[in-house]
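S.K.: Sending over a structure as structure tokens; questions will come in a sec.
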Amino acid sequence: EFMRTNPGLPSRFPIQVDFPDYTVEQLMQIAHWMMKEREYSFHPQAEWKLKQYLTREIENSFGTFSNARLVRNLIEKAMRHQAVRLLQLNKQHPSRQELMTLRPEDLRLDRA
């Protein structure tokens, strides 16, 4: 896309490397790796919700999607929503599992 913005650009970059898009399975592996690194886990319904979202995004992208940055941003955003959700429960001593599990309601997958 960038190279098409100016007719002279392609000649200035004689070597171009095309990287294949990630598949949904690869993006889910990335998500699991990121979660494991932070010692979090997905509630099964949250995992399903994320997978369905990524599937729709790839299907509707016309070949311009599959970026691991989106996965990272979604997970980090979900962790913030999870923290707020747990605070609003006003529970004195949430379990470690509650603290480390992202639930479906934590994944807010709107475009905003």
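The values are calculated or read from the model by the stated rules, or taken from the named source; none is laboratory data. Please read these numbers as outputs of a predicted model, since none were measured by experiment. Ideal geometry is used to build each Cβ from the backbone, glycine not excepted, and the neighbour counts take in all protein chains shown. Just the protein is used for accessible areas: all its heavy atoms, side chains included, with ligands, DNA and RNA removed. Shrake-Rupley method; radii C 1.70, N 1.55, O 1.52, S 1.80 Å.
S.K.: Going residue by residue through the range 51-59, is there one that turns out to be open to solvent by 50 Å² or more (accessible area, probe 1.4 Å), within 18 Å of Glu25 (Cα to Cα), modelled with pLDDT of 95 or more and within 11 Å of the chain's Cα centre (by Cα)?
M.R.: yes
S.K.: Of all residues in the range 59-71 being out of contact with any helix residue (DSSP H, G or I) (no Cβ under 6 Å at 6 or more places or on another chain) and outside any loop (DSSP other than H, G, I, E, B), which is farthest from Gln82 (Cα to Cα)?
M.R.: Per the criteria, the residue is Glu59.
S.K.: Which members of the range 65-82 meet the condition of being within 9 Å of the chain's Cα centre (by Cα) and open to solvent by less than 30 Å² (accessible area, probe 1.4 Å)?
M.R.: Listed by number, the residues that qualify are Ala68, Val71, Leu74, Ile75.
S.K.: What is the one condition in (1) within 15 Å of the chain's Cα centre (by Cα); (2) closer than 30 Å to Gln97 by Cβ; (3) part of a helix (DSSP H, G or I) that Arg85 does not satisfy?
M.R.: Every listed condition holds for Arg85 apart from (1).
S.K.: Could you check the range 4-21 and list, in sequence order, the residues that are in a loop (DSSP other than H, G, I, E, B), open to solvent by less than 100 Å² (accessible area, probe 1.4 Å) and either within 30 Å of Ala78 (Cβ to Cβ) or in contact with a Phe, Trp or Tyr (Cβ under 8 Å, 6 or more places away or on another chain) (or both)?
M.R.: Within the range 4-21, just Asp21 meets the criteria.
S.K.: Could you list all residues from the range 1-25 that are among the small types (Gly, Ala, Ser) and in contact (Cβ under 8 Å) with a residue 40 or more places away in the chain?
M.R.: To start, the set of residues in the range 1-25 that are among the small types (Gly, Ala, Ser) comprises 8, 11.
If the condition is that a residue be among the small types (Gly, Ala, Ser) and in contact (Cβ under 8 Å) with a residue 40 or more places away in the chain, then no residue fits.
S.K.: Just to check your reading of the model, which residue among Arg103, Arg72 is without any contact (Cβ under 8 Å) to a residue 60 or more places away in the chain and of a type outside the set (S, T, N, Q)?
M.R.: Answer to the check: Arg72.
S.K.: Okay, next question. Residues of the range 26-47 being under 22 Å from Glu98 (Cα atoms) and either free of Cβ contacts under 8 Å to residues at least 24 places away in the same chain or outside any helix (DSSP H, G or I) (or both), which ones?
M.R.: His32, Trp33, Lys36, Glu37, Arg38, Glu39, Tyr40, Ser41, Phe42, His43, Pro44, Glu47
S.K.: Also, quick follow-up: Applying the selection to the range 102-112, what residues are closer than 18 Å to Val71 by Cβ and either assigned to a helix (DSSP H, G or I) or modelled with pLDDT of 95 or more (or both)?
M.R.: Leu102, Arg103, Pro104, Asp106, Leu107
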